[in-house]
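**Student:** Take this structure first; my questions come after.
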Amino acid sequence: MNDKPLAGKVGLVFGVANKRSIAWAIAKAWHEAGATLIFNYQGERLKENVEELVSEFGEDVALAPCDVSSDEELKTFFDWVKTKTDRVDLLLHSVAFAPKETLAEPFQNTSRENFRVALDISTYSLVALAQHAAPLMTQGGSIVAMTYHGSTKVLPNYNVMGVAKAGLECAARYLAYELGPQNIRVNCISAGPTNTLAARGIKGFGSMLDIVKEKAPLPWKGEAAALAGTGLYLVSDASQFVTGQVLYVDGGYEIMGM
């Protein structure tokens, strides 16, 4: 068995915030499998965190700022990527945001502007990244996006993010259809409640995690490392005919009715 299944592959990683990020857990798995990685960071506030983390991979790891809600920054980022590589094989979309009040107030109180922001950053960004990345995937490729069970079921306080994740999953299916002829696969991982910086911004996150720990058939600890293996599978040859899918990695909680 090849212990470096991603040797020679180049991957783009969007969404690392700190060492607890799901994006970081998957990035480490990709790196250990042999991939060369390029990272974005969202603003100067997170730059130091990302720089410190990626330094584990050596001095040659590339990173640059990119606000996925800005067409100008996306163009600048991908123009810069083209100076680093002539090909991209993998892309991880682990990006989501909603104004804090939308995750605490009733969903019916969501303002038009907050709704727009949530879907722009959490949903449309996948489309925007695919627009830029697909032309670089000249030998085929794999795009992986992170989603959550709140896309299909009501989870109190998840609110507009549930709508955004439903849109993300639908967008992934349409992209999978359109990019399939280029041998580009697009899939989503629906993670169980995971103790990340973003998750802690959701009112009642602790209760969400406790319920899954209690009800899931398999022990779910809420650790990002649990997603690494699936993140690697979806970009390896083992999943070469898997596209347009949502894979639940939540200890089996999704199957439970009670």
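The values are calculated or read from the model by the stated rules, or taken from the named source; none is laboratory data. Treat the numbers as computed from the prediction; the structure is a model and nothing was measured. Glycine also receives a Cβ, built like all others from the backbone with ideal geometry; neighbour counts cover every protein chain displayed. Ligands, DNA and RNA are excluded from the accessible area calculation, which covers all protein heavy atoms including side chains. Shrake-Rupley method; radii C 1.70, N 1.55, O 1.52, S 1.80 Å.
**Student:** Of all residues being open to solvent by 70 Å² or more (accessible area, probe 1.4 Å) and more than 23 Å from ALA134 (Cβ to Cβ) in the stretch 56-79, which is nearest to the chain's Cα centre (by Cα)? Just the residue, please.
**Tutor:** Across the stretch 56-79, the extreme among qualifying residues is GLU56.
**Student:** Condition first: open to solvent by 20 Å² or more (accessible area, probe 1.4 Å), of a type in the set (Ser, Thr, Tyr), outside any helix (DSSP H, G or I) and touching a residue at least 40 places away in the same chain (Cβ under 8 Å). Can you find one or more residues in the stretch 246-254 that meet it?
**Tutor:** Yes; the residues of the stretch 246-254 include at least one that is open to solvent by 20 Å² or more (accessible area, probe 1.4 Å), of a type in the set (Ser, Thr, Tyr), outside any helix (DSSP H, G or I) and touching a residue at least 40 places away in the same chain (Cβ under 8 Å).
**Student:** Now a separate question. Condition first: modelled with pLDDT of 90 or more, in a loop (DSSP other than H, G, I, E, B) and either open to solvent by 10 Å² or more (accessible area, probe 1.4 Å) or under 20 Å from GLY192 (Cα atoms) (or both). Now tell me which residues in the stretch 7-48 satisfy that.
**Tutor:** ALA7, GLY8, LYS9, GLY15, VAL16, ALA17, ASN18, LYS19, ARG20, SER21, GLY34
**Student:** Sort through ALA171, ALA145, ALA133 and tell me the only one that's under 17 Å from the mean Cα position of the chain (by Cα), in contact (Cβ under 8 Å) with a residue 60 or more places away in the chain and not in a loop (DSSP other than H, G, I, E, B).
**Tutor:** Criteria check complete, one pass: ALA133.
**Student:** Among the residues of the stretch 222-245, is there at least one that is of a type in the set (Gly, Ala, Ser), open to solvent by less than 80 Å² (accessible area, probe 1.4 Å) and under 28 Å from GLU101 (Cβ atoms)?
**Tutor:** Taking every residue of the stretch 222-245 in turn, at least one turns out to be of a type in the set (Gly, Ala, Ser), open to solvent by less than 80 Å² (accessible area, probe 1.4 Å) and under 28 Å from GLU101 (Cβ atoms).
**Student:** Turning to a different aspect of this structure: Among the candidates GLU73, GLU101, GLU113, GLU51, single out the residue that is in contact with a Pro (Cβ under 8 Å, 6 or more places away or on another chain), assigned to a helix (DSSP H, G or I) and of a type outside the set (Lys, Arg).
**Tutor:** None of the other options fit; the residue is GLU73.
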